[in-house]
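Trainee: Okay, handing you the structure first.
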């Protein structure tokens with residue numbers, strides 16, 4: 001379906017307003033909500049295209065700026081060494097509690113939005129995968145997707161690099177989809193095994209996929225991008241979210257074809 005051009009909203013958090021970008025179907029109706037966390041570079045072109053893809057399949061998507069306390073609203077870090085250095089520095093400057101507060105604020109915004117059905121999922125890429133994993137600890141999260149989530153295995157998120165993510169695995173109640181690249185140096189085999197065992201020991205409901213891909217194989221910019229893998233993975237994502245969050249409720253008159261609707265589901 002067609003979507004609305006991205007809009008922005010400043011969501012209140014304990015650390016100040018969090019600029020977030022909204023992607024939604026153009027057709028009237030209510031839709032399940034997805035909180036999408038970016039890489040360390042914030043809401044880049046590839047992240048926007050991922051959000052647009054999800055919105056086009058019938059979801060209300062919000063993508064927050066994860067470093068809103070430190071960077072002016074609208075800041076996008078470049079996919080270069082300077083951008084990576086800045087993003088990695090901020091990753092361990094921000095307090096762990098700040099990441100969690102951001103998740104709660106974004107999920108609350110989605111749930112209260114009049115065009116949201118109240119069924120919520122979370123998704124993230126790279127650091128966003130770790131943030132999605134932690135966001136899934138919120139009881140409103142019915143499903144979560146983590147793409148090559150960094151630092152879970154070495155407790156490296158947040159100021160002091162002593163996060164408690166592995167200790168809180170049992171708080172996740174929704175179904176999880178975990179996707180990894182075997183050639184990703186940021187999450188080696190031993191690290192993946194540690195996360196898998198923690199999730200299995202906690203009795204989580206999850207699926208686990210490892211592909212022959214490098215870190216950032218989902219990002220549609222740069223030499224590591226693998227379009228075939230991305231296509232396969234997006235299919236897994238949509239299957240999970242459709243199954244766990246359900247369809248939106250397009251108004252009866254529009255669904256029946258009444259009137260000359262300019263925007264439809266297809």
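Trainee: In what order do 226, 80, 220 fall by count of nearby beta-carbon atoms within 10 Å, going from fewest to most?
Mentor: Taking fewest neighbouring Cβ atoms as first place, the list is 80, 220, 226.
Trainee: Within a 10 angstrom radius of the beta carbon, how do 86, 219, 168 rank from fewest other beta carbons to most?
Mentor: 168, 86, 219
Trainee: Still on this structure, I have one more. Mean 1/r over all different Cα pairs, inverted: what Kirkwood radius does the chain give, in Å?
Mentor: 18.6
Trainee: Right, something else. Pull out a ≥ b ≥ c, the square roots of the eigenvalues of the alpha-carbon gyration tensor of segment 14-56, then state rounded if a/c is under 1.5, prolate if not and a/b is larger than b/c, and oblate in the remaining case.
Mentor: Oblate, since a/c reaches 1.5 and b/c is not below a/b.
Trainee: In a GNM of the chain with a 10 Å cut-off on Cα contacts, which of 222, 170, 213 has the highest mean-square fluctuation?
Mentor: 222
Trainee: What is the gain in length, in nm to one decimal, between residue 243 and residue 88 on full extension, counting 0.36 nm per residue of separation less the C-alpha to C-alpha distance?
Mentor: Numbers: separation 155, 0.36 × 155 = 55.80 nm, distance 3.48 nm.
Net length gain for the segment: 52.3 nm.
Trainee: What's the exposure ranking of 180, 208, going from fewest to most Cβ atoms within 10 Å?
Mentor: 208, 180
Trainee: Per residue of the chain, what 222 nm ellipticity follows from adding -39500 (n - 2.57) for every DSSP H run with n ≥ 4, rounded to the nearest 500? Working shown, then result.
Mentor: Details: 7 runs with 85 residues, N = 266.
Helix contribution divided over all residues of the chain: -10000 deg cm²/dmol.
Trainee: Right, another one. Taking only C-alpha pairs under 8 Å that are 6+ residues apart, what is the relative contact order of the chain in percent?
Mentor: 19
Readers should treat all values here as calculations from the given coordinates under stated rules, not as data from a laboratory. These numbers come from a predicted model, not from an experiment. Glycine gets a Cβ as well: all are built from the backbone with ideal geometry, and neighbour counts include every protein chain shown.
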